[in-house]
1. Any residue at all in segment 33-54 that is at negative phi and under 16 Å from the mean Cα position of the chain (by Cα)?
2. Being farther than 25 Å from His61 by Cβ, part of a loop (DSSP other than H, G, I, E, B) and touching a helix residue (DSSP H, G or I) at 6+ places or on another chain (Cβ under 6 Å) is the filter here; which residues of segment 1-41 pass it?
3. Among the residues of segment 76-93, which ones are assigned to a strand (DSSP E or B) and either of a type in the set (A, V, I, L, M, F, W, C) or buried (at least 16 other Cβ atoms within 10 Å of the Cβ) (or both)?
4. Is it the case, given these coordinates, that Pro138 is closer than 22 Å to Ser26 by Cα, buried (at least 16 other Cβ atoms within 10 Å of the Cβ) and over 13 Å from the mean Cα position of the chain (by Cα)?
5. Among what's in segment 94-112 and is among the β-branched types (Val, Ile, Thr) and outside any strand (DSSP E or B), pick the residue that is farthest from Asp12 (Cα to Cα).
6. Got a sec? Which of Arg18, Arg5 is at pLDDT below 95 and under 30 Å from Ala145 (Cβ atoms)?
7. Could you tell me whether any residue of segment 42-65 is outside any helix (DSSP H, G or I) and of a type in the set (S, T, N, Q)?
8. Kindly check whether there is at least one residue in segment 31-46 that is in contact with a strand residue (DSSP E or B) (Cβ under 8 Å, 6 or more places away or on another chain), under 30 Å from Ala115 (Cβ atoms) and either of a type in the set (Lys, Arg) or free of Cβ contacts under 8 Å to residues at least 40 places away in the same chain (or both).
Amino acid sequence: MEKPRACKTISDLKVGDRIQREYTVSDADVLAFAQISGDFNPVHFDDDYAATTIFGRRIAHGMISVAKFSGIFGMDMPGLGTLWLSQEVRFNKPVFIGEPYLAVAEVSQLDRKRATIDTWVEDKSGVKVLEGTGVVIPISEYSRARALIIKT
């Protein structure tokens, strides 16, 4: 099992901090998400059906892309101990199976305990196919110190 790569408190974060992760949604990802969510809409699975839609071909579930931010928040920024409080999202364009995308998270606001993080996904041309804003509570100084004690 992979371990978080970061463990940042609110005081470690700065407005403008940014992280990005490349990804591609596979057929296996779509099937796994459908099994978890129960969404077996044919636009995700049936080439013939999908060809008749406004997309012209099969698309990935939009929430697969949103889930990429769970990995970013929990593993990288802020990392270990992060609580994801809310996420606003707008789906601007579809995410196609087998194409490359870039998930980007950038700190836009900080208060005493919470970080507001702008989130978006770009296609290979730099077009934002998804945009939103997440709010997280990073690990506290106390919890981080306790985690480091337990780890050693």
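The values are calculated or read from the model by the stated rules, or taken from the named source; none is laboratory data. Owing to the predicted nature of the structure, the values given are computational and were not obtained by experimental measurement. Because the Cβ atoms are built from the backbone with ideal geometry, glycine has one as well, and the counts that use them run over all protein chains shown.
1. yes
2. Pro4, Arg5, Thr9
3. Answer for segment 76-93, where residues must be assigned to a strand (DSSP E or B) and either of a type in the set (A, V, I, L, M, F, W, C) or buried (at least 16 other Cβ atoms within 10 Å of the Cβ) (or both): Gly79, Leu83, Trp84, Leu85, Gln87, Val89, Phe91.
4. On the way: closer than 22 Å to Ser26 by Cα: no; buried (at least 16 other Cβ atoms within 10 Å of the Cβ): yes; over 13 Å from the mean Cα position of the chain (by Cα): yes.
No, not satisfied.
5. Filtering segment 94-112 for residues among the β-branched types (Val, Ile, Thr) gives 95, 97, 104, 107.
With the extra rule that they be outside any strand (DSSP E or B), the set shrinks to 95, 97.
Details: Val95: 33, Ile97: 36 Å.
The extreme case among them is Ile97.
6. Of the residues listed, the single one that is at pLDDT below 95 and under 30 Å from Ala145 (Cβ atoms) is Arg5.
7. The answer is yes; a qualifying residue exists.
8. Taking segment 31-46 and keeping what is in contact with a strand residue (DSSP E or B) (Cβ under 8 Å, 6 or more places away or on another chain), we get 43-44.
If we keep only those that are under 30 Å from Ala115 (Cβ atoms) too, we end up with none.
No, segment 31-46 contains no residue that is in contact with a strand residue (DSSP E or B) (Cβ under 8 Å, 6 or more places away or on another chain), under 30 Å from Ala115 (Cβ atoms) and either of a type in the set (Lys, Arg) or free of Cβ contacts under 8 Å to residues at least 40 places away in the same chain (or both).
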